[in-house]
Structures are given as C-alpha cells and as structure tokens.
Amino acid sequence: MGADIRFPHLGIEIEKLGKSISIGGFSIAYYGIIIAFGMVCGYLVAAWQAKRTGQDKELYLDLALWDIIFAVIGARVYYVIFSWDYYSKNLKEIINTRGGGLAIYGGVIAGVLTTFVFSKVRKVSFMKLLDTACGGLLVGQIIGRWGNFFNREAFGGYTNGLFAMQIKRTEVNPSNITHDIIKHIVDIDGVSYIQVHPTFLYESLWNIAVLLVILIFTKKKKYDGQLFLMYLLGYGIGRFWIEGLRTDQLLIPGTAVAVSQVLSATVAVISAVILVIMHRKRKITK
C-alpha cells in the first residue's frame with residue numbers, strides 16, 4: 001500500500017520498485033544487474049577514449065577483464081574491513097554480495113593496482129592507461145550508484161530540500177535511520193516514510209560533471225596522468241561533501257571519523273598539489 005519511493009517536491013511517485021527479478025526460480029538482485037551494466041558501459045567508454053587518442057581499444061578489453069575481477073574483490077574487501085564488527089560475528093556473510101556491500105574506493109584502489117601490474121606485463125604506459133580508463137571508471141560509478149537506489153541504501157540524513165526523497169520505513173535497514181530522521185517521519189495513508197537526501201543521486205550527477213570535464217579535456221592534456229589526477233581531484237571533492245551527508249558511513253575503527261571522507265580529502269589535496277607542481281614545471285620549461 002502506498003508508493004515505494006516518493007520525491008514530494010518534484011511530484012514523482014514510484015508505486016512499485018522491486019529489489020530483484022526472478023528468472024527460472026532464481027532471484028537476481030537489481031543491484032548486481034546495474035553494477036554489471038555499469039561495468040560494460042565503462043569499458044565501452046574507455047574503448048572509445050582509446051580510439052579518440054589513437055590507441056588499440058583491444059588493449060582496454062584485456063585490461064577491463066582483469067580490472068573488473070579485482071575491482072569487485074577490492075570493493076568487497078574494503079567494505080568488510082571497515083564493517084568488521086559485523087562480519088567478524090557473521091563470517092558466512094562475507095561472500096554474500098547480493099544485497100550490497102561494495103565500497104567504491106576499494107574497487108578503485110584494486111583497479112589502479114591491477115592496472116599497474118598490467119602495464120608492466122604488457123610494457124605500456126601506466127599513466128596513459130589510467131588517463132584512458134578513468135572516463136570509463138566514472139561511467140561505471142555514475143550507473144552503479146543507482147544500485148543503491150534499488151536497495152534503498154546509501155542515503156543521507158533528513159532534508160526538506162527540492163530533491164528530498166521519501167522511502168517506506170519498512171524497506172530500509174533500521175541501522176541507517178538516525179534519530180533526526182525518526183523525528184521527521186512522514187505518515188501518508190497509514191504508511192510511514194523516512195525523508196532523506198538522495199546521496200546516490202547527488203554523487204551520480206556530480207560524477208557526470210567530472211566526466212564531461214575529462215572528456216572535453218582529453219585532447220588538450222599536456223602529459224600522461226593529468227586526466228587521472230583531474231578525476232581524483234574532482235571525485236575526491238564531491239565524495240568528501242556527499243559522504244558527510246550519509247547515514248551509513250564506514251568509520252575508522254575506534255573513531256567516529258568516516259574513512260571515505262579522510263581518503264577523499266587526502267586524495268583531493270595530493271592531486272591538486274601534483275597538478276599545480278606539474279603546471280609550474282611546464283611553465284618554467286617553456
């Protein structure tokens with residue numbers, strides 16, 4: 001009874017939004033389908049970028065196959081490490097990814113390390129690979145975030161702003177509902193809704209902006225690695241802001257500090273410094 005998800009200020013109501021589909025009696029989570037679709041689209045964009053810059057796009061198919069495998073493993077390992085209080089008591093759940101539980105930063109770190117090894121084996125420029133692949137990575141992140149939408153997760157605290165999203169309280173993990181959200185519970189026709197920031201949407205839109213900058217700047221870059229540094233700077237700034245809104249933050253053990261905020265700030269600052277240094281070096285050598 002009642003819409004599953006509502007955007008009251010936008011006049012949008014989604015009556016029925018399932019979390020999975022059944023094929024031959026086997027349940028497949030939309031989360032997994034969307035992640036897989038994002039990976040495929042990410043590869044296609046990376047291949048297109050390779051073609052734009054005169055590279056062999058088949059090289060990026062080989063890279064994608066390895067990156068996808070280890071990125072998924074890395075994303076899961078990262079999530080489990082920073083949720084160890086739960087997984088240490090539920091070891092069998094470590095391999096259960098169907099309901100979510102993938103951390104993007106873990107995937108990015110694993111993907112970069114895999115790309116480094118790949119570059120050494122294939123004897124190609126590591127930085128050029130990163131420059132070409134980062135557009136595809138962004139596409140994967142843009143699409144993948146919508147998996148959180150279907151899972152009713154990765155949302156922020158209470159808001160009454162234009163993009164405020166209402167979700168049936170019964171569809172949400174109780175551990176992600178803060179006291180402030182509870183104070184603003186909305187009852188519509190006997191159905192209780194939480195009203196929150198759709199942080200998955202914010203991050204998706206932010207990444208679209210970063211992607212456009214990367215694509216526009218591709219043929220104007222001055223050195224290998226510049227596009228990837230721009231990606232790290234742009235994504236780091238956006239993620240730092242958005243992570244601060246979320247109610248399901250992964251925390252540094254023993255603290256109330258969100259690990260992704262610390263990592264985002266560190267990555268953004270280091271990338272900015274390197275970009276400035278490289279810019280000044282190029283000015284001096286002209």
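The values are calculated or read from the model by the stated rules, or taken from the named source; none is laboratory data. Here the structure is a predicted model, which means the values were calculated and not measured. All Cβ positions, even for glycine, are placed from backbone atoms using ideal geometry, and neighbour counts span all protein chains on display.
Within the stretch 45-103, being touching a Lys or Arg at 6+ places or on another chain (Cβ under 8 Å) and among the basic types (Lys, Arg) holds for 51, 52, 57. Against the condition in a strand (DSSP E or B), surrounded by 14 or more Cβ atoms within 10 Å (Cβ to Cβ), at pLDDT 95 or above and not aliphatic (A, V, I, L, M), how does residue 141 come out, does it pass? So residue 141 does not fit the description; no. Tallying residues that are within 25 Å of residue 194 (Cα to Cα) and either outside any helix (DSSP H, G or I) or touching a helix residue (DSSP H, G or I) at 6+ places or on another chain (Cβ under 7 Å) (or both) within the stretch 234-259 yields 16. Restricting attention to the stretch 32-54 and to residues that are surrounded by fewer than 18 Cβ atoms within 10 Å (Cβ to Cβ) and not hydrophobic (A, V, I, L, M, F, W, C), the residue that is nearest to residue 131 (Cα to Cα) turns out to be 53. Quick one: what pairs do we get from the stretch 254-276, first residue more than 20 Å from residue 221 (Cα to Cα), second of a type in the set (Val, Ile, Thr) and not in a helix (DSSP H, G or I), C-beta under 9 Å, 6+ apart or different chains? That search, which allows pairs on different chains as well, returns 258/252; 259/252; 262/252. Here the condition is being over 30 Å from residue 275 (Cα atoms), touching a residue at least 40 places away in the same chain (Cβ under 8 Å), aromatic (Phe, Trp, Tyr) and surrounded by fewer than 21 Cβ atoms within 10 Å (Cβ to Cβ); of 118, 82, 149, 155, it holds for 82 alone.
Exactly one residue out of 245, 211, 205 is closer than 30 Å to residue 158 by Cα, touching a His at 6+ places or on another chain (Cβ under 7 Å) and modelled with pLDDT of 95 or more, and it is 245. Counting only residues that are farther than 20 Å from residue 247 by Cβ and among the hydroxyl-bearing types (Ser, Thr, Tyr), how many does the stretch 258-276 have? Looking only at that region, the number is 2. Beta carbons closer than 7 Å, at least 6 apart along the sequence or on distinct chains, pair a first residue in the stretch 162-181 that is in contact (Cβ under 8 Å) with a residue 60 or more places away in the chain with a second that is of a type in the set (Asp, Glu) and surrounded by 15 or more Cβ atoms within 10 Å (Cβ to Cβ) for 168/4; 171/4; 173/153; 176/153; 176/248. Restricting the first member to the stretch 213-231 and to residues that are without any contact (Cβ under 8 Å) to a residue 60 or more places away in the chain, and the second to residues that are of a type outside the set (Val, Ile, Thr), the beta-carbon pairs closer than 6 Å and six or more apart or on different chains are 229/271; 229/275. For the residues 173, 160, the requirement of being touching a strand residue (DSSP E or B) at 6+ places or on another chain (Cβ under 9 Å) and of a type outside the set (Val, Ile, Thr) singles out 160. Tell me, yes or no, whether the stretch 222-231 has at least one residue that is at pLDDT 95 or above, over 15 Å from residue 130 (Cβ atoms) and among the acidic types (Asp, Glu). Checked against the condition, which is being at pLDDT 95 or above, over 15 Å from residue 130 (Cβ atoms) and among the acidic types (Asp, Glu), the stretch 222-231 yields no hits at all.
When restricted to residues that are closer than 23 Å to residue 82 by Cβ, of a type in the set (A, V, I, L, M, F, W, C) and in a helix (DSSP H, G or I), the stretch 101-128 contains 6.
Can you tell me which residue in the stretch 77-100 is farthest from residue 266 (Cα to Cα), limited to those that are touching a helix residue (DSSP H, G or I) at 6+ places or on another chain (Cβ under 7 Å) and part of a helix (DSSP H, G or I)? Top of the filtered list is 93. From the list 76, 6, the lone residue that is surrounded by 13 or more Cβ atoms within 10 Å (Cβ to Cβ), touching a residue at least 60 places away in the same chain (Cβ under 8 Å) and of a type in the set (D, E, K, R) is 6. Any residue at all in the stretch 253-271 that is among the small types (Gly, Ala, Ser), under 28 Å from residue 49 (Cα atoms), within 16 Å of the chain's Cα centre (by Cα) and surrounded by fewer than 15 Cβ atoms within 10 Å (Cβ to Cβ)? No.
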